[in-house]
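Trainee: I have a structure here, written as structure tokens, and I will follow up with some questions on it.
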Amino acid sequence: MERRDIPKHKISKNAIRKSLRLFGLMPASDKWLLALGTLFLAVTAATALLFPDLLGRMVDAYTDVNRLQESAMVFLYLFLAQAIFSFLRIGLYVRVAENLTATLRNRLYRSVILQNMDFFHQNRTGDLLSRFTADIGQIQDTFTSNLAMFLRQLMVIIGGIVYLFFTSNTLSLYMLGTVPVVVVISLFFGRFIRKIGKQVQELTGQNSVIAEETFTGIQNVKAFTNENFEMQRYGNDVEQLRKKSIYRGLMRGAFSSFIIVCLFGSIVWLIFLGLGMVRSGEMALGELISFMFFTGFIGGSIGGMAEQFVQIQKTLGAVERVLDLIEKPSEQALPSWGTLEPVDGRVVFDNVSFSYPGRPEFPVLNGVNLSVDAGKSLAIVGPSGAGKSTIINLLYRFYEPDSGKITIGEQVIADMCLFNLRKQLALVPQEILLFGGTIYENILYGNPAADKEAVYEAARMANAHDFISAFPEGYKTVVGDRGIKLSGGQRQRIAIARAMLRNPQLLILDEATSSLDTESEQQVQSALKTLMMGRTSIVIAHRLSTIRHADTIVVLKQGKIIEQGNHETLMNKEGGYYRTMVEKQQDHTDFINHHENP
Ligand code: ATP
């Protein structure tokens, strides 16, 4: 979301009260700085208000050289004071705004990163990011400038009107009856024209979308002989755009005529009335000049205030969204980085049932019972959508089961500290996400506290050391978008090294579906074998050939375990799901082998 798209928020007592919570995030020292800044702001507004008055006095003193020089000097001091106070005000406001922005960014990041997985499924990344960019940016702008400008304009309007009534009551009433009215009407007029402008923009965009769609899908257009249809569709759009653009042009013309007649007209009218008063001796010429300058100041401030008002309305919405997210309870209070309680690696699922919070009516796991002893391996097989990844999600406590319990060693995981639980697990995922840093940093992610030797050792055990060392920059090679692109097998071995460095009790392998060439496959398999040694491992298998040696194989179908045992027992089951699948995959392999080596 770009900042100009931030919706406005109604100014209500509630919204203002909520926004005031922002001040709670400021340290007391910043509140004092803000108060001091506002005092300086009042000084600059007051000096600005002296300007028209002094100008009038200077005009009235034009026959007296001494007084004229005096006035010029006063002007100089005035500008100097204004420059100094304005600089100080900006300095203080910027400091407070940037401190607040930094606090908001950190708090928001902390709150978001500690939310549970369901939160991330319910919220799109783009929306979350716009809290950081658009909303925080809006708050930052408001504290840096909008708020100050709003206050200053308010002071100028009030001070200016008071001054005007001191000069001439009659002329002031005439002025207040015309200039602010014209300014407010022109504001609404201007906003109306902007709205039409936006519609024209949208239509122009729509127009190019149609063209783009047809040109990229030209084969379809021609195959269906829909050229005429497309021309008509495009033509209708062009016609709409033409009409809207003419309308916009006419409205712009009307706007400038309005400004010429009403705004300039009312100013000339006021000067005309004022000069009459000067002639009759009710007013000095200098006073009239001050009066007209004040009128300009007030008109300009009313216009400016309306714009600041819109910005402040937007900020109220932004503050509400950001603070609501900051105050949202997290997955668990940030765990202490204390010592780990060791757990024994036996895993048991006891009658576990589960459905995702987003689809509560759809049971994903239905009374699942399974167990794997410490140091042994368990393979989960089953058709796509059976619930294999869900078992892992529950083990990580990304979600909590609806019923039943999961234990690791003697401990029920629902009672464990999340940090402690997840520290015991390492995942070698299907989609290996390498961060945009170096290979070294990518391996280190498994255990940021590890030293260099440990990283190298992990890479060696993962059969990755040789290929990494063969790169000219070795472990310092940057991977990802701005670095070297690694092959599937290399990425997997880095992921294995990462898991190795983590040295977990429990290993989870979400087996890659894409097959590697035979040599890569062998290296990955042997690295995995080393990794699995002495640890409990749970493998989500897609290719049955790789899990033949698992201690236990469970077959999951529609959230239920339908078969359980080792390879031999399951193969002995006539008509069993596992046996049928193995035979099918065997046929497939035979078919390929036969065609490759007939
Ligand atoms: P695959 O082999 O294709 O990865 P799987 O056996 O791992 O499949 P799961 O990812 O566990 O299957 O999904 C089980 C069911 O849960 C599917 O029907 C899926 O649509 C549903 N599901 C998965 N994640 C969510 C979610 N976040 N919200 C709602 N439903 C979900």
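The values are calculated or read from the model by the stated rules, or taken from the named source; none is laboratory data. Since this is a predicted model, take the numbers as computed values, not measurements. Because the Cβ atoms are built from the backbone with ideal geometry, glycine has one as well, and the counts that use them run over all protein chains shown.
Trainee: Considering only residues of the range 352-366 that are surrounded by fewer than 21 Cβ atoms within 10 Å (Cβ to Cβ) and farther than 21 Å from Asn123 by Cα, which is farthest from the ligand (Cβ to nearest atom)?
Mentor: Ser353
Every residue, every condition in (1) within 16 Å of the ligand (Cβ to nearest atom); (2) within 20 Å of Phe23 (Cα to Cα); (3) more than 24 Å from the chain's Cα centre (by Cα); (4) at pLDDT 90 or above, yes or no:
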residue	(1), (2), (3), (4)
Leu92	no, yes, yes, yes
Thr103	no, yes, no, yes
Val112	no, no, no, yes
Ile136	no, yes, no, yes
Ala148	no, yes, yes, yes
Phe165	no, no, yes, no
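Trainee: Right, another one. Return the total of residues in the range 21-74 being in contact with a helix residue (DSSP H, G or I) (Cβ under 8 Å, 6 or more places away or on another chain), among the acidic types (Asp, Glu) and more than 29 Å from Glu320 (Cα to Cα).
Mentor: 2
Trainee: Within the range 518-525, can one find any residue that is surrounded by 12 or more Cβ atoms within 10 Å (Cβ to Cβ), out of contact with any Asp or Glu (no Cβ under 7 Å at 6 or more places or on another chain) and modelled with pLDDT of 85 or more?
Mentor: No, there is no match, as no residue in the range 518-525 is surrounded by 12 or more Cβ atoms within 10 Å (Cβ to Cβ), out of contact with any Asp or Glu (no Cβ under 7 Å at 6 or more places or on another chain) and modelled with pLDDT of 85 or more.
Trainee: If Ser371 meets every condition in (1) part of a strand (DSSP E or B); (2) within 16 Å of the ligand (Cβ to nearest atom) apart from one, which number is that one?
Mentor: It fails just one condition, (2).
Trainee: Here's another thing I want to ask about it. Would you please name the residue that is modelled with the lowest pLDDT, looking only at residues in the range 226-268 that are surrounded by fewer than 13 Cβ atoms within 10 Å (Cβ to Cβ) and of a type in the set (Phe, Trp, Tyr)?
Mentor: Per the criteria, the residue is Phe264.
Trainee: State the number of residues belonging to the range 166-180 that are over 12 Å from Leu288 (Cβ atoms) and surrounded by 13 or more Cβ atoms within 10 Å (Cβ to Cβ).
Mentor: 6
Trainee: What's the number of the condition Leu187 fails, among (1) without any contact (Cβ under 8 Å) to a residue 24 or more places away in the chain; (2) under 30 Å from Phe297 (Cα atoms)?
Mentor: The single condition Leu187 does not satisfy is (1).
Trainee: Quick check, is Phe349 modelled with pLDDT of 85 or more, crowded, with 18+ Cβ neighbours inside 10 Å and out of contact with any Lys or Arg (no Cβ under 9 Å at 6 or more places or on another chain)?
Mentor: When the stated conditions are applied, Phe349 does not pass them.
Trainee: Going residue by residue through the range 397-408, is there one that turns out to be part of a helix (DSSP H, G or I), surrounded by fewer than 21 Cβ atoms within 10 Å (Cβ to Cβ) and aromatic (Phe, Trp, Tyr)?
Mentor: no
Trainee: Another one. Condition first: over 14 Å from Asn393 (Cα atoms) and under 36 Å from the mean Cα position of the chain (by Cα). Now tell me which residues in the range 342-379 satisfy that.
Mentor: Residues satisfying the conditions are Gly358, Arg359, Pro360, Glu361, Phe362, Pro363.
Trainee: Another question, then. Please enumerate the residues belonging to the range 468-504 that are farther than 17 Å from Gly437 by Cα, surrounded by fewer than 18 Cβ atoms within 10 Å (Cβ to Cβ) and over 33 Å from the mean Cα position of the chain (by Cα).
Mentor: Result: Ala470, Asn503.
Trainee: Kindly provide the set of residues from the range 388-412 that are among the acidic types (Asp, Glu) and within 15 Å of the ligand (Cβ to nearest atom), ordered by number.
Mentor: Glu400, Asp402
Trainee: Here are some residues: Phe224, Phe258, Phe215, Phe272. Which one is within 41 Å of the chain's Cα centre (by Cα) and aromatic (Phe, Trp, Tyr)?
Mentor: Sole residue among the options that is within 41 Å of the chain's Cα centre (by Cα) and aromatic (Phe, Trp, Tyr): Phe215.
Trainee: Do we find that Ser384 is within 15 Å of the ligand (Cβ to nearest atom), free of Cβ contacts under 8 Å to residues at least 60 places away in the same chain and among the hydroxyl-bearing types (Ser, Thr, Tyr) in this structure?
Mentor: yes
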